[in-house]
1. Inspect segment 82-89 for any residue being in contact with a helix residue (DSSP H, G or I) (Cβ under 9 Å, 6 or more places away or on another chain), assigned to a helix (DSSP H, G or I) and surrounded by 13 or more Cβ atoms within 10 Å (Cβ to Cβ) and give the result as yes or no.
2. Pairs please, first residue from segment 1-19 and touching a residue at least 24 places away in the same chain (Cβ under 8 Å), second anywhere and exposed (fewer than 11 other Cβ atoms within 10 Å of the Cβ), Cβ atoms under 6 Å, 6+ apart in sequence or on different chains.
3. Counting only residues that are polar (S, T, N, Q) and not in a helix (DSSP H, G or I), which one in segment 90-139 is nearest to T45 (Cα to Cα)?
4. Looking only at segment 128-137, filter to residues that are within 11 Å of the ligand (Cβ to nearest atom) and closer than 12 Å to H105 by Cβ; which one of those is nearest to the chain's Cα centre (by Cα)?
5. Go over the candidates K122, K60, K94 one by one and state the one that is basic (K, R) and touching a Cys at 6+ places or on another chain (Cβ under 9 Å).
6. Condition (residue is within 16 Å of the ligand (Cβ to nearest atom), in contact (Cβ under 8 Å) with a residue 12 or more places away in the chain and part of a loop (DSSP other than H, G, I, E, B)) applied to segment 57-75: is it met by at least one residue?
7. Could you tell me whether T45 is of a type in the set (S, T, N, Q), near the ligand (Cβ under 9 Å from one of its atoms) and surrounded by fewer than 20 Cβ atoms within 10 Å (Cβ to Cβ)?
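Coordinate-derived values only; no laboratory data. In this text the structure is predicted, and so the values were computed from the model without any measurement. Heads up, the Cβs are rebuilt from the backbone with ideal geometry, glycines too, and the neighbour counts pull from every protein chain shown.
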Amino acid sequence: MIGHLFAHLYPWTKALHLIAMVAWMAGLLYLPRLFVYHCETPPGTESSERFKVMEYRLYKFIMTPAMIATFTFGIMLALTPGLVDWSAGWFYVKLVCVIGLAGTHGMMSRWRKDFLADRNRKPQKFFRIMNEVPTLLMMVAIVMVVVQPF
Ligand code: HEM
């Protein structure tokens, strides 16, 4: 019954999954960039306060809703009959990447709050490195779902 409905909705579900995923990734890649620049501005300055507003808006209005939408449409796809071969490995590797991306999202939330309270002590280099983590996880997730190598 629900499988039949999801099969009917499939092209729309996939389109919305991809739109949400692109918006989420944009945030996961750009927020640590903002942190890199924010590191260069002393607390209390006008630019530091502006970064706080930019970080807040990106996180609250783009990243979090986009993550929820990616998950919602992704779960709908997983429940669509015939898309996932549950005995193959690729879906589970993709799931690990997705959990990693959600974990990165959670850590970024904590760092954002540290910046907001002017108590960030992490060096700029740390955020430069953290910029690469969602990139790698995204690449593996997409190869898994598109190539389905195992
Ligand atoms: C709870 C999280 C997620 C679940 C359960 C999920 C599940 C799925 C499923 C079942 C499909 C359909 C595969 C098919 O049409 O054959 C799909 C498509 C896709 N997903 Fe996800 N996904 C999730 C998150 C993500 C994330 C975070 C990314 C990217 C970083 C992503 C990238 C893609 C792409 C590119 C496709 C299209 C593949 C194609 O054209 O066939 N997904 N997803």
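1. No, that holds for no residue.
2. Matching pairs, first to second residue: none at all.
3. The qualifying residue nearest to T45 (Cα to Cα) is N120.
4. Here the residue is P134.
5. K122
6. No, segment 57-75 contains no residue that is within 16 Å of the ligand (Cβ to nearest atom), in contact (Cβ under 8 Å) with a residue 12 or more places away in the chain and part of a loop (DSSP other than H, G, I, E, B).
7. no
For (1) surrounded by fewer than 14 Cβ atoms within 10 Å (Cβ to Cβ); (2) touching an Asp or Glu at 6+ places or on another chain (Cβ under 8 Å); (3) acidic (D, E); (4) closer than 17 Å to V146 by Cα, each residue gets a yes or a no:
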site	(1), (2), (3), (4)
H8	yes, no, no, no
W24	no, no, no, no
V36	no, no, no, no
T64	no, no, no, no
L95	no, no, no, yes
